[in-house]
Each structure stands twice: as C-alpha cells, then as structure tokens.
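The values are calculated or read from the model by the stated rules, or taken from the named source; none is laboratory data. These numbers were taken from a predicted model, which means no experiment stands behind them. Neighbour counts run over all protein chains shown; Cβ positions are idealised from the backbone, glycine included. Just the protein is used for accessible areas: all its heavy atoms, side chains included, with ligands, DNA and RNA removed. Shrake-Rupley method; radii C 1.70, N 1.55, O 1.52, S 1.80 Å.
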Amino acid sequence: MEKVYLKKEYCSGCSACYNSCPTKAIHMKPDEEGFLYPVIDQSLCVDCNKCVNICPLICEGNYKQKAEPAFLVAKHKSEEVLMNSTSGGAFTALSDVILREGGVIYGVDYDDDFRVLHRRTETIEGRNRMRVSKYVQSNIGNIFEQIKKDLMDKRTVLFTGTPCQDAGLRAYMGDSPLTENLYVCDLICHSIPSPLIWEDYKKLLEKEHGGKLTDIQFRSKIIDWSRENSNKTFLFKTSSSEDIHNDERFYKLFFGAKTITRPSCSECQFTDIHRASDITIADYWGIEKYAPEWMDTKGVSVILVNNEKGAELLQKCSKELKYEKRPKEESFTEQQRLSEPVQFPEDRDKFWNDYREHGFEYIIEQLTK
Ligand SMILES: Cc1cc2nc3c(=O)[nH]c(=O)nc-3n(C[C@H](O)[C@H](O)[C@H](O)COP(=O)(O)OP(=O)(O)OC[C@H]3O[C@@H](n4cnc5c(N)ncnc54)[C@H](O)[C@@H]3O)c2cc1C
C-alpha cells in the first residue's frame with residue numbers, strides 16, 4: 001500500500017490506521033501545516049489493506065449510530081465545576097461516574113511545553129487537567145492501543161475526543177466484545193486548528209512577555225459565558241511574573257478566521273446528528289432564548305444521548321448534573337456543525353503561502369496592522 005489517503009481532505013489524522021497496522025509499518029508525520037498524516041514504510045507493509053479498510057472516512061457508515069439522539073440541556077450543580085469547565089461541566093459529571101467505578105479516563109491535556117495531546121488518567125487531578133477545550137488538534141499517539149489494554153484488563157474506559165477521533169477509536173476496536181466496557185464521548189466540533197501555528201503563537205507570547213509559559217486556559221470564565229464572549233477569555237501566565245494575561249489573537253486571528261483549520265474539516269463526515277459516539281457534549285448556545293430559566297452565566301451544556309449506553313452513563317450522574325430534554329430544532333439552529341462542515345475562507349492559501357515565505361511574526365504584523 002502506498003498511501004492510506006488519496007488527498008489531504010480525506011484524512012482527519014485520527015490515527016486509527018497507525019494504531020491498527022499489524023506490522024507497525026505506519027507512522028504519523030506532520031506536514032508543512034503541522035497536521036499529522038500516516039506515512040507507510042514500504043519495507044514493512046504487507047499489503048493487508050487493514051489501514052484503508054477500517055479508515056472512518058472511507059468505510060461505509062463512518063461508524064455512526066443509526067438512531068437519532070435525544071437532545072438535552074444540562075448543568076453541573078457545583079459552581080466550582082462550572083467555573084473550571086468550558087460549558088456546563090458535563091465532562092466532569094460523566095467522567096466522575098467512571099472514576100467512582102474504578103475506571104479510566106482518556107482525554108486531552110497539555111504536556112510540559114503546552115503541546116496538546118491525549119492522555120490516560122485514573123485520578124481526579126489528571127481528569128481536571130483535561131477540563132477546558134484546547135482549540136488545537138491533539139496528538140492521539142498510541143492511545144487506542146492503551147485503551148484496548150485497559151479493556152483487556154477489565155477496566156471501564158471513557159474516551160473523549162473530536163468526532164473524527166471517536167470514529168477512529170470505533171474503527172480500531174471494530175466489533176470486539178471488549179467494547180462492552182467502553183464509553184465514547186465526542187464534542188460538537190467547529191473545526192480543528194494547526195499544532196504548528198499553536199507552537200509559533202506560544203513562542204510569540206514568551207517573546208512578548210518574557211520567561212516560559214506556566215499556565216494556559218483557552219476558555220476561562222473571567223467574563224460571562226456566552227457565544228460572543230468565548231473568543232475573549234484566553235488566559236496565560238509566564239515565569240517572568242505572577243500576572244495573568246488575556247490575549248484574543250489566537251482565537252480571533254486564526255481559529256475564528258478558519259485559516260489554520262485542518263483540510264479534512266472542510267469535508268467533515270461527522271457534521272451530523274448521527275454520531276460515532278455514545279454521548280455528545282457542547283455549549284448550549286441560545287439557551288437564554290429558548291429556556292431562560294436554564295441560562296447561567298457560568299455555562300450551560302447541550303448533551304446528545306446517542307444510544308442506550310449514553311443514556312445509562314447520563315442517568316448515573318443525575319446526582320451532580322441537572323438535565324432535561326429539549327427540542328432538537330434548537331440545536332440545529334444554533335450549531336452549524338450538526339449539519340455542515342466549516343467553509344474555508346478564500347485567503348487560506350495566501351495565509352499559508354505568506355507563512356512559508358515570511359514566517360509567523362510577519363503574519364501577525366499583517367493581521368494586526
Ligand atoms: C476544537 C474544538 C471545537 C469545538 N467546537 C464546538 C462548537 O462548534 N460548538 C460547541 O457547542 N462546542 C464546541 N466545542 C466543545 C466545547 O468547547 C466544550 O469542549 C464542550 O462543551 C465540553 O464542555 P464541558 O464543560 O462539558 O467540559 P470541560 O470540562 O470543559 O472538558 C473539555 C472536554 O473537551 C476535551 N477536549 C479538550 N480539548 C480537546 C481537543 N483539542 N480535542 C479533543 N477533545 C478535547 C477534553 O478531553 C474534555 O473531555 C469544541 C471543542 C473543541 C476542543
């Protein structure tokens with residue numbers, strides 16, 4: 001096999017092929033935009049075709065559930081949880097159920113240099129590090145293999161990720177009976193930004209403020225939770241002082257502008273109410289219009305219960321999570337990513353040409369002139 005994918009739009013970097021290759025012939029390599037793609041070592045490949053046969057973007061049905069989900073509004077009862085979560089704290093409630101039962105959580109964390117990656121944890125502290133959205137594509141590494149090992153050890157596992165990553169895990173697990181103890185949770189995902197631009201942005205913050213970055217929070221609750229405010233709440237600290245800084249550039253100039261989004265997001269197969277997960281979590285945008293009694297300036301979640309497993313998990317957190325059913329039309333109206341992929345701006349190619357030719361600081365200068 002020469003290539004797992006035909007063109008970049010057909011690879012989400014979910015890493016299912018890398019984790020599944022029986023001869024370890026595949027490794028994930030960053031391209032010039034910093035996104036990981038599978039590369040096949042021809043000397044190890046035995047042409048078994050497993051990588052393409054399981055690929056969630058190729059295989060029929062994309063591992064999505066057939067039934068329509070139930071839509072719910074939800075909010076954690078603890079103010080502390082709300083203040084330390086992106087939305088209404090659904091992730092904390094769901095993961096607490098698994099931790100209480102002695103299970104394992106897989107979610108997105110930072111390494112020591114604030115690179116974004118998937119990690120495994122069995123502790124509250126480890127889980128708390130996974131809280132709050134990191135708007136950068138995470139490196140899955142060999143996490144799917146670790147999940148299989150946990151399931152073989154009879155542990156219950158909750159995996160959280162973007163919709164394509166969830167489908168990647170489904171692809172990797174296939175119809176294994178081990179999945180009985182696996183809970184899969186995804187987010188409604190706007191699109192996923194480049195880890196390379198994230199690296200440059202962090203370097204810029206360190207250059208401007210001195211020292212090394214010591215703390216980062218993409219979606220803090222320094223101001224009221226609302227769609228309009230969500231691009232104003234990025235906080236960070238560096239080792240040069242105890243000051244907490246607020247910076248809007250990553251969100252406004254890049255994530256919001258959609259120039260640094262992965263090519264496959266423009267043809268995303270998962271912008272659908274049929275999910276590859278058991279349960280889906282996101283922000284309940286518009287709740288102040290539809291059910292003002294649910295509005296909370298500290299955050300509100302929408303939850304899609306995609307199957308029986310999702311319903312069972314949700315039911316187990318009814319002590320800490322308040323929730324009730326809502327009409328699906330509300331989410332259809334507010335969440336574009338339930339029906340259509342992101343559209344790239346016309347200047348995406350120009351952005352990357354300028355980046356390659358002149359570098360990141362030139363781009364920042366141009367965009368802030
Ligand atoms: C790239 C991205 C795009 C998103 N787009 C939308 C959107 O268009 N509309 C919307 O309503 N919500 C979107 N969300 C989801 C939203 O931001 C919250 O993550 C979600 O509502 C969960 O909030 P919470 O309070 O329940 O959990 P929190 O306690 O805030 O937990 C965050 C959860 O997100 C996971 N996570 C964090 N960063 C990443 C990442 N880079 N990749 C995969 N998983 C990650 C963590 O593992 C954890 O499970 C997006 C999230 C991400 C990461």
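Listing for the model above:
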| read-out | value |
| --- | --- |
| In the stretch 188-236, the residues that are part of a strand (DSSP E or B) and either among the aliphatic types (A, V, I, L, M) or at pLDDT below 95 (or both) | Leu213, Ile216, Leu235 |
| Tally of residues being farther than 18 Å from Glu365 by Cβ, of a type in the set (D, E, K, R) and crowded, with 16+ Cβ neighbours inside 10 Å across the stretch 233-261 | 2 |
| Search result, residues across the stretch 296-322 that are assigned to a strand (DSSP E or B) and either open to solvent by less than 70 Å² (accessible area, probe 1.4 Å) or in contact with a Cys (Cβ under 6 Å, 6 or more places away or on another chain) (or both) | Ser301, Val302, Ile303, Leu304, Val305, Leu321 |
| Helices (runs of 4 or more DSSP H) completely within the stretch 89-169 that count 1 or more residues being of a type in the set (Gly, Ala, Ser), touching a residue at least 60 places away in the same chain (Cβ under 8 Å) and within 12 Å of the ligand (Cβ to nearest atom) | 90-100 |
| The stretch 262-292, residues that are without any contact (Cβ under 8 Å) to a residue 60 or more places away in the chain and either over 20 Å from Lys221 (Cα atoms) or open to solvent by less than 10 Å² (accessible area, probe 1.4 Å) (or both) | Gly286, Lys289, Tyr290 |
| Count of the stretch 239-295 residues which are assigned to a loop (DSSP other than H, G, I, E, B) and under 30 Å from Thr214 (Cα atoms) | 14 |
| Flag if Ile58 is touching a residue at least 40 places away in the same chain (Cβ under 8 Å) and either open to solvent by less than 20 Å² (accessible area, probe 1.4 Å) or touching a Gly at 6+ places or on another chain (Cβ under 8 Å) (or both) | no |
| Pairs, first over 12 Å from Lys298 (Cα atoms) in the stretch 214-234, second at pLDDT 95 or above and open to solvent by 70 Å² or more (accessible area, probe 1.4 Å), C-beta under 7 Å, six or more apart | Thr214/Ser239; Phe234/Asn246 |
| Residues of the stretch 24-42 that turn out to be in contact (Cβ under 8 Å) with a residue 24 or more places away in the chain and in a loop (DSSP other than H, G, I, E, B), as a count | 5 |
| Cβ-Cβ under 7 Å pairs, at least 6 apart or on other chains, the stretch 320-337 side closer than 8 Å to Val73 by Cα, far side in a strand (DSSP E or B) and of a type in the set (Val, Ile, Thr) | Tyr323/Val73; Tyr323/Ile303; Glu324/Val73; Arg326/Val73 |
| Boolean, Gly256 is under 20 Å from Gln336 (Cα atoms), out of contact with any His (no Cβ under 8 Å at 6 or more places or on another chain) and either touching a residue at least 24 places away in the same chain (Cβ under 8 Å) or of a type outside the set (D, E, K, R) (or both) | yes |
